Amino acid sequence: EIQLKESGGGSVQSGGSLRLSCEVSVSIRDWSMGWFRQVPGQEREGVAAIDFNGKTKYLDSMKGRLTISQDNAENRFYLDMNSLKPEDTATYYCAADPPRYYNAYDALTSPYYQYWGQGTQVTVAS
């Protein structure tokens, strides 16, 4: 069974930085990966994605403050966040999708991904 697990969440001050990590139980070579966040009462929101060629995509409102990257040797991918704001407070989820001939969904939407982690809390204090 393929499993994903996030780590690196926590509490930071406004303007601070965090690196979130997602460990995948299989090789992620040629996979697509993404990061999402969710605030209670709101829809899950895609913030970053990277495809099998390394092409990245970011939520417009967070672009410039995020970097998604991967380490295939360790079956991990990352979300580096900086200049964090209180409104970034949310549960952050990693997601991954295996190589496919076709995926009808956008990489910043939940239906794109087959596998999900359980989430890690990020809290940004004022």
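Laboratory data are not the source of any read-out in this text; all were calculated from the coordinates shown. None of these values were measured; they are calculated from a predicted model. All Cβ positions, glycine included, derive from the backbone under ideal geometry; neighbour counts span all protein chains shown.
Where the Cα atoms of segment 5-126 are projected onto their three principal axes, how long is each span, largest first, in whole Å?
Ordered largest first, segment 5-126 gives principal extents of 45, 29, 25 Å.
With an 8 Å cut-off on Cα pairs and a minimum separation of 6 or more residues, tell me the relative contact order of segment 35-126 in percent. Write down the numbers at each step before the final one.
On the way: 153 pairs, mean separation 27.6, N = 92.
Taking the mean separation of contacting Cα pairs over the length of segment 35-126, I get 30 percent.
Taking H as built 1.01 Å from N, whose amide H comes closer than 5 Å to the amide H of Ser32, not counting residues under 5 places away?
Asp97
Would you please give the FRET efficiency between Asp71 and Tyr102, computed as 1/(1 + (r/R0)^6) with r the Cβ-Cβ distance and R0 = 35 Å, to the nearest 0.05?
E(calc), rounded to 0.05, equals 0.80.
May I ask which residue of Ile2, Leu84, Ala48 lies farthest towards the positive end of the charge dipole of segment 1-98, with charges of +1 (Lys, Arg) and -1 (Asp, Glu) on Cβ and the Cα centre as origin?
Final value for the positive-end residue is Leu84.
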